[in-house]
Each structure stands twice: as structure tokens, then as C-alpha cells.
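Trainee: Just dropping this structure here.
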Amino acid sequence: MTFFGGFVAVVVLFSIFLGYRIFSKISDKKQNSGKTGGFLEKAFLLFFVSLIMVSINGLAFILSYSFFWEKAYRTFGEPQYTATVIGYKKEITKGKNFSNSSYSDRVIFFPRVEYTNVNGKKIVKTLDITSNDPPVLGEKVKITDTENQENTNTVELDWVMLAAGGVFTGVAAFFAALLATYGTSDSMKKRLRWSLRAGLVLILINLLCVIFIYLKQ
């Protein structure tokens, strides 16, 4: 298992644990009020709460890891090169058309680049990130890379989008912390205060990663 796979597993398992704590508190409140549901109702409630926790923690931490923490680490620890865009790798994802609320296939193009590594060997790989306006053929881009990585780490990024992503993950962390603390005995005011701190800390960490990558260009 890769480090990223292990990180995802930890986030999912921790989210399920938090979901169980929330489920237990809800069940205790229902039992104290004389309302006890059947097995299927309890199973659905546990599944639903756990799914919410997995989703919101994934938005906060897995996205932070993929778009900020790993990129900052690779930018610091890997050799930097100037690569040339030689083609594109096409991937198809599902996108929603809000005019009719239906999903359709959307094509995303990841630039493929070529560079010469420190050993004088020509390497062809795909960039780890793309945008609505990807680099054109022949354009030079700054990257970092090592042999054990599947994709190259692009250093030239859409800073506005990354800054917005840093704020988004912080908001997700706020709600994740607010839900997670429901299983505690803390007051709502204390939970809000703690959740706000957690969200601001994640925003600060991710924005610092963005600044670090920018300074390493």
C-alpha cells in the first residue's frame, strides 16, 4: 500500500469511529425519550452518519494532502527541471449539467511533458494537475520529479484556484470538527469556537504550502 492509500484508510477509519460516536449519542437521546428504532433504522442511521463524516473529512484532509501537503513536500524534496509539453493524456469524468440536472461525460486533458533528468536520461510523464487552460504544445513548464513517482509535480499553478481551495478545505474542516464534537459533552458555544480554530489552522497550513511552492518557482 502506498503512503497515500494508508492516509486515506486512516481518514476513513477515523471518520467511521467519529460517526459511531455521533450515532451512539443520538441513540442514547432517543432511548431516554422512549423512542427506540428497529435494527434497520439504527443500521441506516449509523451508515448515513458515517458516510457524512467520511465525505466531509475527505474534503478537508484528503484534498489538502493531494493538492497542498504532497505538492509542497515534493517541491522541497525533488530536483527541479524545465520540461516541454509534448502531448496530452485524455481522461473522462462525469460532470453535472445544472440546466437539466443530468450527468454527462467531460473530457479533461492532462499535459504530457518531456525533460532530461540529472542522469541525462529523457523522461516522459504526465503532469499531476491540469486546468481549463492547460499549457500548449511546446510550452516550457517548471516541474519537480523523481523516478519513483507516477506523475511529475508541476510548480507553476493557478494560484487563485489554489487559494480558493485552501479556504474551501478550511470550511470543510470547520464542519467536520463541529460534527465530530457532537459526540462530546461540550456546549455548542465551545464546539463552535474549537471548530473555528480547526478550520483556520487548516486554511493557514494550506495557504502556507501555496506560498512555499510559489517561492520555490
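Trainee: Only one residue in Leu207, Leu162, Leu196, Leu179 is part of a helix (DSSP H, G or I) and at pLDDT 95 or above. Which one?
Mentor: Leu196
Trainee: Search the stretch 131-183 for residues being within 18 Å of Arg193 (Cα to Cα), touching a residue at least 40 places away in the same chain (Cβ under 8 Å) and hydroxyl-bearing (Ser, Thr, Tyr), and hand back the single one that is surrounded by the fewest Cβ atoms within 10 Å (Cβ to Cβ).
Mentor: Tyr182
Trainee: If we keep just the residues of the stretch 55-93 that are of a type in the set (A, V, I, L, M) and in a helix (DSSP H, G or I), which is farthest from the chain's Cα centre (by Cα)?
Mentor: Ala72
Trainee: Out of all the residues in the stretch 31-41, is one or more at positive phi and in a loop (DSSP other than H, G, I, E, B)?
Mentor: We begin by selecting, within the stretch 31-41, every residue at positive phi; these are 34.
Those left that are additionally in a loop (DSSP other than H, G, I, E, B): 34.
Yes, the stretch 31-41 contains at least one residue that is at positive phi and in a loop (DSSP other than H, G, I, E, B).
Trainee: Limited to the stretch 161-216, what total is found for residues that are of a type in the set (S, T, N, Q), more than 21 Å from Lys29 (Cα to Cα) and more than 15 Å from the chain's Cα centre (by Cα)?
Mentor: So the count comes out to 1.
The values are calculated or read from the model by the stated rules, or taken from the named source; none is laboratory data. This one's a predicted model, so the numbers in the text were calculated from it and none came from an experiment. Reconstructed Cβ throughout: ideal geometry from the backbone, glycine too, with neighbour counts over all protein chains shown.
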